[in-house]
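Colleague: Handing you this structure, nothing more for now.
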Amino acid sequence: MVMAEINQTVRRFGLWHVGFGQCHRRALASMVAPPPHLPATISSWVPNLPATTAASLALQDLPVTTATTTTASSSSIQHLPATTTITAAHSTGDLPAANLFSGQKRSVEKLWQEFFADPSQWQDHRPEKENVRYPDFKHKKTQAALWLNSKLKPAWVEAELAAMPPETVESNNFQWNVRLKRYTKTGQYEKAIELFHQMQQKGIVYDSFTFVQVLNACASLQSLKEGRHVHLQIAQSCCESNIYVASSLVDMYAKCGCIEDAWKVFNKMPTHNVVSWSAMIKGHARCGQGHKALDLYHQMRLEGVQPDAVTFVGVLNACSSIGALEEGRHIHTQIIKSGCESNVYVGSSLVDMYAKCGSIDDALRLFNRMPTRNVVSWSAMIQGYVKCGQGRKALELYHWMQREQVQPDAGTFVSVLSACTSVGALEEGQLVHEQILQSGCCKSDVTVGNSLIDMYAKCGSMEDARRVFDEMSTRDVVSWTAMIQGHVKCGQGHEALALYQQMRCQEGMEPNPVTFLGVLNACASVMALEEGRSVHEQIIRSGCESDVFVGSSLVNMYAKCGSIKDAQRVFDKMPTRNVVSWTAMILGYVKCGQGHKALELFQQMQMEEGIKPNPVTFVGVLNGCAIMGALEEGRHIHKQIAQRGLESELFVSSSLVDMYAKCGSIEDARRVFNRMPKRNVVSWSTMIQGYVNCGQGQEALKLYQQMLSEGIEPNAITFVGVLNACASAVALDKGRLLHEQIVLSGFESDLCVSNSLVDMYAKCGSVEDAERVFNNMHAWDVVSWNAMLRGYAMHGCDKEAIGHFEWMCKEGIEIDQITFVHLLSACSHAGLVDEGLCYFESMGLVYSISATVAHNACIVDLLGRAGCLDEAEDLIKIMSCEPDATLWKALLSACRLHCDMEMGERVAQKLVDLYQNDDDQNDR
């Protein structure tokens, strides 16, 4: 019974904290019960137990009762260890309870007196205390304990403690380290760093374990500033030579992207172990220096250091980053020999390496062979399918993973959302979003939130993207960048620019290079040149101008905004130029109508810089040939495309069709079209428009019917081309049928389609239908107004034309050169000489529009029809631009109309000379 009571007391009072170990339990096991008249305390019963130890238990203020039914020899009690004291009350009540409590209180008071006499002999456990049973103070040697919440604590203690200087009692380093490890192990890195600062403030002595834990926290948070602060403390404590501390320093600097500082620490280390080598290898792989990581791995092997699982993970990541498949296979062989292939993290890294190096079959084979698969393995395989452009396969694998009841983590969700993005699976993405909300990852993991924004934006659901963005508790620069790029992709350039301003001015978030790419694309999409210049200044201040992709986007922005000189200036200043830079510059010159300059750059890029063009480059230079009508150059580029095996690329072949058609070689265009292994709506639309440009409207209409029979759905561009075919063939009935298809397809509200409808009806002679379409349009641009004006001019509706022009002016429509061509043509057909001359004069005076050959041709025709042949000839002689055949033909027609043979002969001779000069130039 005595043993049972003692065990109960041990369990109840937590005596293991005061040294009551197994040896004490064995000693007590040999005892028998005390005599009937048991003293009040075991310390008086067992003569060798010190009073201080007895008091430590008395602080619990919970007496232990003992049974009195057995006897024991005093000799057996002598074996009780001196460090153990148990306070017990006699069950018979021989000693009054008041006397017992008074004795305990005196023992506790004596302990407190010892505490204040020499606090340096005690340790303060209050900072890390989490259990009320754990003592507040402990003696370093005797392990005597004191509790502040004990009923036995003297009243004067609080005042003495308040008067005691801070940090008088030394805190326990071990307990602080335990808390540090718990924080880092559970991912509470901010708390770990905060605890380290508390240790510093309280004067807790650091050791190597402390530094390793807090450096891991800094590395995980990529907090370089905190890491440098810890490094300073390490240097002051002379722990830099500790191999584990040094390795953690290397790892911290590498993970924070400061590879130079990592090298400094690494080179100072007296010896390198596998941990330090692995940290350097992983650091270089993470910083995009895969080749250097592989060099380090080989150097490590040469020095006789055997890689472990962590090393293999790092070097496999290096192979993944540079696509070093053969090197990866070689390392795979070493992994098999080392026995690490069964390690789930190594296996997952192998899957990831094979997938990222394009060998998805090897990745799947290894994945299927893995003895155990965790969430990392599944995520690696899913991401592998995404990278190889097999988004559907990735989604199927994700469903398989769910059937296997493997819970996805943040990395899985990011990969699956990428899969949804790649295949435009909005509904799948919404289902994944629901699962993310159930898991709680969306609010806690900013990467998952960013992936959701990206998925919704690229799937065209900006409302959902905005909802996720607004609900995120924490947003980083990636979040803002994803939203900006989403707006740009959805054609909302102004919204993208507004968001960029909010990001910088209201949130104080600094853009990164990817942000600049998005905002420059926004400027380009809305022709915001001044905003683009402002962003350029910010890029210069941020030091991102040397980034080749940012530089290329600047070139693209300036070119699309019409400032080709600024584009060339940026291009010339770029320290390095890649195929993207050259392509951006080529496309810029094409957009500005300088096809010859685009061709020069294309040659320079290959001959001088040795850069091979990509499909987009070929598309750009083919467009340059098309606007110049440079058929021979186009044929030469076609040969290069065939040699590179790019003829089957859909957009390249479509550009070839367009180039041949615009250069007048419709047979070559059709030959390329017929050879295309796969044709989409762009290919068909290009060929249809090619026939229209060559004046073969009926062929265009036939091709449109063939396209429909093959099940290809027309888009807005197709309808524009076919409407132009109807207009050129004056096929009004077919145009009306096409109008019905447009209405059924929902494209009637498209501005370009509506403009083409107005133009088709006008050219087919149905001005009333043209007016009906025009009046029913929800929005108009200058093209819409000009199309209607042209219809009036073509059919001699001079009053309607002039009224339409005046309506344009009232509506504030920006008048352009084409507007005046149609207006002057209307005046010419109606014989309104005075009105025509008045409008011609107002072009420069009122609208600041310079007269072109087309405008002068209208005035020559106007004067010629009215019989003012001399005035018409004088106008040709004094006009600022070089007269072409159109002008002389107009005057020749007027001479024929008014039978002026003398002038007719002069004009005819001018035409002969003009054609002769053209032939001579062509011969050259």
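The values are calculated or read from the model by the stated rules, or taken from the named source; none is laboratory data. Keep in mind that this is a model prediction, so the values were computed, not measured. Cβ: placed from backbone, ideal geometry, glycine included. Neighbour counts: every protein chain shown. Just the protein is used for accessible areas: all its heavy atoms, side chains included, with ligands, DNA and RNA removed. Shrake-Rupley method; radii C 1.70, N 1.55, O 1.52, S 1.80 Å.
Colleague: Sort largest first and round to whole Å: the equivalent ellipsoid semi-axes of segment 720-790, each the square root of five times a Cα gyration tensor eigenvalue.
Modeller: 16, 14, 10
Colleague: Strictly greater than 23 Å: what percent of every Cα pair in segment 133-277 meets that?
Modeller: Numbers: 4657 of 10440 pairs.
The share of Cα pairs beyond 23 Å in segment 133-277 comes to 45 percent.
Colleague: Given N residues in segment 363-511, what is Rg(Cα) / (2.2 N^0.38 Å)?
Modeller: My calculation over the Cα atoms of segment 363-511 gives 1.10.
Colleague: To test your reading of the geometry: what angle, between 0 and 90 degrees and rounded to tens, separates the Cα axis of helix 697-709 from the longest principal axis of the chain?
Modeller: Tilt of helix 697-709: around 30 degrees.
Colleague: Report, ordered by chain and residue number, the lysines lying within cross-link reach of LYS105, taken as a straight Cα distance under 16 Å and ignoring same-chain residues fewer than 8 apart.
Modeller: LYS151, LYS153
Colleague: Sort out for me the Cα centre separation of segment 686-758 from segment 301-360, rounded to whole Å.
Modeller: Spelled out, the Cα-based centre of one part sits 57 Å from the other.
Colleague: Could you size up the charge dipole of the chain around its Cα centre, putting +1 on the beta carbon of Lys and Arg and -1 on that of Asp and Glu, and report it in debye to the nearest 20? Intermediate results must be reported in sequence, preceding the final value.
Modeller: Values: 81 positive and 100 negative charges, 1150 e Å.
Using only the charged Cβ atoms, the result is roughly 5520 debye.
Colleague: Can I get the semi-axes of segment 249-345's equivalent ellipsoid? Compute them from the C-alpha gyration tensor as square roots of 5 times the eigenvalues, in angstrom, largest first.
Modeller: For segment 249-345, the semi-axes come out at 21, 15, 11 Å.
Colleague: Sticking with this structure for a sec: Run the numbers on segment 392-521 and let me know its relative contact order in percent, using alpha-carbon pairs under 8 Å that are six or more apart. Spell out each step's value before the answer.
Modeller: Working: 150 pairs, mean separation 23.7, N = 130.
With pairs under 8 Å counted, the relative contact order is 18 percent.
Colleague: Ok, one more. If I take every Cα pair under 8 Å that is 6 or more residues apart in the chain, average their sequence separation and divide by the length, what percent do I get for the relative contact order? Display every interim value, and only then the final one.
Modeller: On the way: 1318 pairs, mean separation 27.6, N = 924.
Rounded, it is 3 percent for the chain.
Colleague: Mind ranking TYR134, TYR385, TYR847 by accessible surface for me, highest first, 1.4 Å probe?
Modeller: Sorted by accessible area, descending: TYR847, TYR134, TYR385.
Colleague: Short version: ³J(HN,Hα) in whole Hz for each residue of segment 525-530, in order, from phi by Karplus 6.51 cos²θ - 1.76 cosθ + 1.60 (θ = phi - 60°), x for Gly and Pro, what are they?
Modeller: Computed from phi, the couplings for segment 525-530 are 5, 10, 6, 8, 5, 5 Hz.
Colleague: If you don't mind, another one. Does segment 827-924 come out rounded, prolate or oblate by the C-alpha gyration tensor, with a ≥ b ≥ c the root eigenvalues, rounded set by a/c under 1.5 and, if not, prolate when a/b is larger than b/c and oblate if not?
Modeller: oblate
Colleague: Shifting gears a bit: Show me 729-735, 199-205, 493-499 ranked by packing, highest mean number of other Cβ atoms within 10 Å first. Numbers along the way, then the final one.
Modeller: Working: 729-735: 17.6, 199-205: 14.6, 493-499: 19.4.
Averaged packing, sorted descending, gives the order 493-499, 729-735, 199-205.
Colleague: Further, regarding this structure: If Rh is defined by the Kirkwood formula over all Cα pairs and Rg also comes from Cα, what ratio Rg/Rh do you get for segment 629-755? Let's see the in-between values first.
Modeller: Values: Rg = 15.0 Å, Rh = 15.0 Å.
Answer for segment 629-755: 1.00.
Colleague: Right, next: Considering segment 437-545, what Rg and Dmax in Å follow from its alpha-carbon atoms?
Modeller: 13.8, 46
Colleague: Additional query: With θ taken as phi - 60° and the coefficients 6.51, -1.76 and 1.60, list the Karplus ³J(HN,Hα) couplings across segment 236-243 in order, rounded to whole Hz; mark glycine and proline as x.
Modeller: So the Karplus estimates, Gly and Pro as x, are 5, 8, 6, 9, 4, 6, 5, 5 Hz.
Colleague: Another question about this same structure. How many percent of the accessible area of segment 766-924 is carbon or sulfur, using a 1.4 Å probe?
Modeller: 50 percent
Colleague: Past 24 Å, Cα to Cα, is the threshold; run LYS282/LYS337; LYS565/LYS597; LYS387/LYS591; LYS225/LYS255; LYS734/LYS763; LYS560/LYS597 against it and keep the listed order.
Modeller: On the way: LYS282/LYS337 22 Å; LYS565/LYS597 13 Å; LYS387/LYS591 33 Å; LYS225/LYS255 13 Å; LYS734/LYS763 13 Å; LYS560/LYS597 16 Å.
Cα-Cα > 24 Å for LYS387/LYS591; rest within.
Colleague: Quick one: angle between helix 767-776 and the longest Cα principal axis of the chain, in degrees between 0 and 90, rounded to 10, please.
Modeller: Orientation of helix 767-776: about 20 degrees from the principal axis.
Colleague: Rounded to two decimals, what is the ratio between the C-alpha radius of gyration of segment 527-583 and 2.2 N^0.38 Å?
Modeller: Its radius of gyration relative to the 2.2 N^0.38 Å reference: 1.00.
Colleague: So, one more: For segment 498-582, with all protein chains present and a 1.4 Å probe, just round the carbon and sulfur fraction of the accessible area to a whole percent. Mind showing how you got there, number by number?
Modeller: Numbers: 1970 of 3860 Å².
About 51 percent, which is the carbon plus sulfur part of the accessible surface.
Colleague: Restricting to the chain, compute how many DSSP beta bridges are antiparallel as a %, nearest 5.
Modeller: Close to 55 percent.
Colleague: Could you give the accessible area per residue of the chain, probe 1.4 Å, as a whole number in Å²? Mind showing how you got there, number by number?
Modeller: On the way: 44300 Å² over 924 residues.
On a per-residue basis, the chain sits at 48 Å².
Colleague: For segment 812-878, report the % of Cα-Cα distances exceeding 17 Å.
Modeller: 34 percent
Colleague: While we're here: How large is the convex hull of the C-alpha atoms of segment 467-513 per residue, in Å³?
Modeller: Hull volume normalised by residue count: 74 Å³.
Colleague: Kindly state, as a whole number, the per residue volume in cubic angstrom of the convex hull around the alpha carbon atoms of segment 289-388.
Modeller: 82 Å³
Colleague: Counting C-alpha atoms alone, how compact is the chain: give Rg to one decimal and Dmax as a whole number, in angstrom.
Modeller: Over the chain's Cα set, Rg and Dmax evaluate to 43.5, 156 Å.
Colleague: Treating the angle as unsigned and between 0 and 90°, give the value, to the nearest 10°, between the Cα long axis of helix 666-675 and the longest Cα principal axis of the chain.
Modeller: Between the helix axis and the principal axis of the chain, the angle is about 30 degrees.
Colleague: What net charge is computed for the residues neighbouring ALA801, neighbours being all others with C-beta under 11 Å from the C-beta of ALA801, Lys and Arg scored +1, Asp and Glu -1?
Modeller: Surrounding charge for ALA801 is -2.
Colleague: Same structure, new question: Using a 10 Å cut-off on Cβ atoms, rank the peptides 280-293, 219-232 from the highest mean neighbour count down.
Modeller: Top to bottom by mean Cβ count within 10 Å: 280-293, 219-232.
Colleague: Go through segment 106-120 residue by residue and turn each phi into a ³J(HN,Hα) via Karplus (6.51, -1.76, 1.60, θ = phi - 60°); whole Hz please, and just put x for glycine and proline.
Modeller: 5, 5, 5, 4, 5, 4, 5, 5, 5, 4, 6, 5, 8, x, 5
Colleague: Also, I was wondering about something else. Please list the equivalent ellipsoid semi-axes of segment 565-628, computed as the square roots of five times the alpha-carbon gyration tensor eigenvalues, in descending order and whole angstrom. The partial results should precede the final answer.
Modeller: Values: eigenvalues 58, 39, 17 Å².
They are 17, 14, 9 Å, listed largest first.
Colleague: Continuing with this model, one more query. With all protein chains present and a 1.4 Å probe, how do ILE234, ILE259 order by accessible area, largest first? Don't skip to the answer; put the middle values down first.
Modeller: On the way: ILE234 0, ILE259 25 Å².
Listed by decreasing accessible area, they come as ILE259, ILE234.
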